[in-house]
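Just so it is clear, none of the values below were taken in a lab; they were calculated from the coordinates. Given the structure is predicted, the values throughout are model-derived calculations rather than measurements. Cβ sites come from the backbone with ideal geometry, for glycine too, and all protein chains shown count toward neighbours.
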Amino acid sequence: MRRLIAVPTCWSYVYPSWDQAGHSSRSDSLRANAIRETWLKDVNGRIDVRFFFGHGAERAPQADEVFLDCGDDYYSLPAKVQGMLDWALRQGYSDVLKLDDDVYVYVDRLLAAFEPSVYRGYEVECASGKYASGTAYWLCREAMQMVVDTPWNPADWAEDKRAGRILAQHGVTLVNDERYHCCRCEHCLQQFPEARRVTSHTKKPHEMYELHKENSSCPKFQ
C-alpha cells in the first residue's frame, strides 16, 4: 500500500475581476512553505507528500514538487487535480489524499485514522448532489482512474463538485467523515473541536503556524 498526500498549489494567488467563487487576490504566495515549516516536519517519511504546480515555473522542481502541463490559475484546478491523480496512478499509489494548500494536517491522527475507502471526506451538498469538501478527501486507485478518464469541461471550475459528480455517476458513494470538517467558525469548532479533527482548513498561513504551535498539547487521536 502506497499513500500520497497530494497538494495542488500555485505560483501566485491572483483571481480575475469576474471571479465567481468569492476569492480575492493576495500576496501570500507559496503557501506550500507554511506546510513545509509546520506539519510536514511531523511526517518523517511515514507518508509521501508532493506539491503540484501548473505552468509558470522559472526554476527546476524541488524534490517534493511536481510541475504539471496545465494552467496554474484557480479555474484550472480541475485540470491540475486530474493531472495530479494521473501522476499518482503512474507512480503506483494506492490511495491519495487531495489536500488544499491552506489545510493543516494532524499527521499522527491522519495515519491512525486511515481506512481504505473508495471516496472519503467531509460531506457537503449543493443542487447537483453530495460531494466531499475539496479541502481534504481520499480517493483509491479505482476512484482516481474515474476522475482521470473523464474529460474536463473548462466551464466546470469546482474540482470537488466535479469529482463527486463523476464518482456518483459510477455508483460510488461518499463515506462521510466529519474528522475532515472544513470550517473553523466558532459554531463548527464547538461541534467539531480541533482535538477531534484530522485536518483543519486554516485559510491563512499564520493560522497554520498557530495550530502547529498548539499541536504538541493537543490530545492524540483516539
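General remarks:
- Listed peptides 73-79, 189-195 appear in the order 73-79, 189-195 once ranked by packing, highest mean of other Cβ atoms within 10 Å at the front.
- Inter-probe distance in nm under a simple model that places probes 7 Å from Cα toward Cβ, at GLU194 and LYS213: 1.0 nm
- Cα centroid separation, the stretch 73-143 to the stretch 189-214: 19 Å.
- The calculated 222 nm mean residue ellipticity attributable to helices in the chain amounts to -8000 deg cm²/dmol, summing -39500 (n - 2.57) over DSSP H runs of n ≥ 4 and dividing by all residues.
- Gain in span if fully extended, ARG59 to THR173, counting 0.36 nm per residue against the direct Cα distance: 36.9 nm
- Taking other C-beta atoms within 10 angstrom as a stand-in for reagent exposure, VAL175, VAL105, VAL198, VAL124 fall in the order VAL175, VAL124, VAL198, VAL105, fewest first.
- Shape analysis of the chain places it in the rounded category; the axes a ≥ b ≥ c from the Cα gyration tensor give an a/c below 1.5.
- Residue order, fewest to most beta carbons within 10 Å, for ARG109, ARG141, ARG2: ARG2, ARG141, ARG109
- Normalised by the number of residues in the stretch 3-215, the mean separation of alpha-carbon contacts (under 8 Å, six or more apart) gives a relative contact order of 22 percent.
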